[in-house]
Amino acid sequence: MKTLAHAVTIALPLLLAVRAAPAAAQVSPNGFVVRHETRIDAAPARVYDALVAEIGEWWNPEHTFSGDARNLSLDDRPGGCLCEELAGGGGVEHLRVVYVDPPRVLRLSGALGPLQGSALVGTLTWTLAVADGGTRLELTYAVGGFLEGGFEGVAPAVKSVLAGQMSRLKRYVETGKPEAPPSSGSPDRTRSGR
C-alpha cells in the first residue's frame, strides 16, 4: 500500500474535481466523520448495482493493496465482505457488511487502507434515494478509536480519497468510464461535507 503522503498526492487531483468547496472533515480527539453527496443520472437500482456488483470497474486501483481494482469484490449481505484478492493466495478484508437494504442503504464496518493497522473502528454508509429523475447518493464514513499522532492529518486525506471514489462511481454510472476526461472543463457535481 502506498504511504499516506503518496495517497494524498494521488487523491488531490480527484478532490479538485469536486464542484463545491469541500467542508472540512469533522475531527475530534477520538475520531472523525467525512460526508459526501452527489446526484447521479440513473435510478437507485442501477447505482446500487454498480456500487456492489461492479466495484472493480470504478474503484480507483491506486487505493488497493494489489494495484488492481478488479481484485475487489463486495458481497452485499450481512456478514459479507468488501474483500480483495492478493497474489499468492493472500487477501484483504477491507470492510464487513453490517446492514443492507437494496437499493436504499449499504452499511459496512472497518478501517480502510492505512487505518487498518491502528486501533480503529469505522462505519461507512452509502444511502441512495430517488432525486430529480436520478439518484441522490450520500456517503458517510465515521472512524473512532486510537490513532498514533491523532486524526487531524489523516481525516482530510480520507475525505479526499472518498471524494475521488464517489466521483469515479458517478462517472462510471453515467458514462461507463470512471476516469475524468483529460481536458474536462465541466466541474463534477459531487458535494463534500454538510
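Can you tell me which residue within the range 161-182, out of those that are touching a strand residue (DSSP E or B) at 6+ places or on another chain (Cβ under 9 Å) and not aliphatic (A, V, I, L, M), is farthest from P114 (Cα to Cα)?
The extreme case among them is E174.
Restricting attention to the range 103-138, which residues are small (G, A, S) and out of contact with any His (no Cβ under 8 Å at 6 or more places or on another chain)?
Keep residues of the range 103-138 that are small (G, A, S), which gives 109-111, 113, 117-119, 122, 129, 131, 133-134.
Listed by number, the residues that qualify are S109, A111, G117, S118, A119, G122, A129, A131, G133, G134.
Restricted to the range 98-126, and to residues that are surrounded by fewer than 16 Cβ atoms within 10 Å (Cβ to Cβ) and part of a strand (DSSP E or B), which residue is nearest to the chain's Cα centre (by Cα)?
S109
Hey, does the range 79-89 have a residue that's out of contact with any His (no Cβ under 9 Å at 6 or more places or on another chain), assigned to a loop (DSSP other than H, G, I, E, B), buried (at least 18 other Cβ atoms within 10 Å of the Cβ) and modelled with pLDDT of 95 or more?
Yes, the range 79-89 contains a residue that is out of contact with any His (no Cβ under 9 Å at 6 or more places or on another chain), assigned to a loop (DSSP other than H, G, I, E, B), buried (at least 18 other Cβ atoms within 10 Å of the Cβ) and modelled with pLDDT of 95 or more.
Out of curiosity, is E62 within 17 Å of P114 (Cβ to Cβ), assigned to a strand (DSSP E or B) and among the charged types (D, E, K, R)? Give the derivation first.
Working: within 17 Å of P114 (Cβ to Cβ): yes; assigned to a strand (DSSP E or B): no; among the charged types (D, E, K, R): yes.
Considered against the rule, which asks whether it is within 17 Å of P114 (Cβ to Cβ), assigned to a strand (DSSP E or B) and among the charged types (D, E, K, R), E62 comes out as no.
Please state which of the following conditions I10 fails to meet, knowing it meets all the rest: (1) at pLDDT 95 or above; (2) part of a helix (DSSP H, G or I).
Just one mismatch for I10, condition (1).
Listed residues G113, G122, G164; which is modelled with pLDDT under 95 and closer than 24 Å to L72 by Cβ?
G113
Is it the case that the range 142-160 has a residue that's under 25 Å from R96 (Cα atoms), in a helix (DSSP H, G or I) and free of Cβ contacts under 8 Å to residues at least 12 places away in the same chain?
Within the range 142-160, none of the residues are under 25 Å from R96 (Cα atoms), in a helix (DSSP H, G or I) and free of Cβ contacts under 8 Å to residues at least 12 places away in the same chain.
The values are calculated or read from the model by the stated rules, or taken from the named source; none is laboratory data. None of the values given here were measured: they were computed from a predicted structure. Don't worry about glycine lacking a Cβ; one is built from the backbone with ideal geometry, like all the others, and counts go over all protein chains shown.
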